[in-house]
Amino acid sequence: MALTKKQRAELRMKFDGRCAYCGCELQEKGWHADHVEPIYRGRDFNRTITDDGRLEFQSRVAERAALDVSENLNPACKQCNLFKGGHTLEGFREQIAHQAERARAYSVNFRTAERFGLIEVIEKPVIFWFEQYNGEAPQGA
């Protein structure tokens, strides 16, 4: 969806000029318009095999059009949008929650800093900025 200058300005201010996910301040340029429900950008059709073994093609054009609307957009910093990629909100939340364990497993620098008390991993739910902003944060978080 191509946004006009006015639409981009309005979208940027949707959550007080902050990234919908991490809450960092968005500059006028360099931020992304993220599709909350991701739009599959691959083929224009879905291939499936029917119960009787026939190959069937289903168009994705209508599916994309239904999701490519302003109501499905959030302002996002470049880092959050690129990391979210094609994940749903819950999939994105799960990916973020696993980052410390991934860093511990694959980064000697992380393990060293943790061993010397420079990093402390805190177990807590991942709450997005827009959830706090709208008062939608899950109970107990």
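Could you pull out the pairs from 84/124; 29/124; 5/84; 6/29; 6/84 whose alpha carbons sit more than 22 Å apart here?
On the way: 84/124 19 Å; 29/124 32 Å; 5/84 24 Å; 6/29 13 Å; 6/84 25 Å.
29/124; 5/84; 6/84, as the Cα separations exceed 22 Å there.
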Go through the stretch 122-134 residue by residue and turn each phi into a ³J(HN,Hα) via Karplus (6.51, -1.76, 1.60, θ = phi - 60°); whole Hz please, and just put x for glycine and proline.
10, 7, 7, x, 7, 10, 7, 4, 5, 5, 5, 4, 8
Helix-only mean residue ellipticity at 222 nm for the chain, each DSSP H run of n ≥ 4 adding -39500 (n - 2.57), per residue, nearest 500:
-9500 deg cm²/dmol
In Å³ and rounded to a whole number, note down the convex hull volume per residue for the Cα atoms of the chain.
179
Note, the stretch 93-109: 3J(HN,Hα) by Karplus (6.51, -1.76, 1.60, θ = phi - 60°), whole Hz, Gly/Pro = x, goes 4, 5, 4, 5, 4, 8, 5, 5, 5, 5, 4, 5, 6, 10, 10, 5, 5
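Only the coordinates and a few stated rules stand behind these numbers; no lab work does. Everything numeric in this text was worked out from a predicted model, so none of it was measured.
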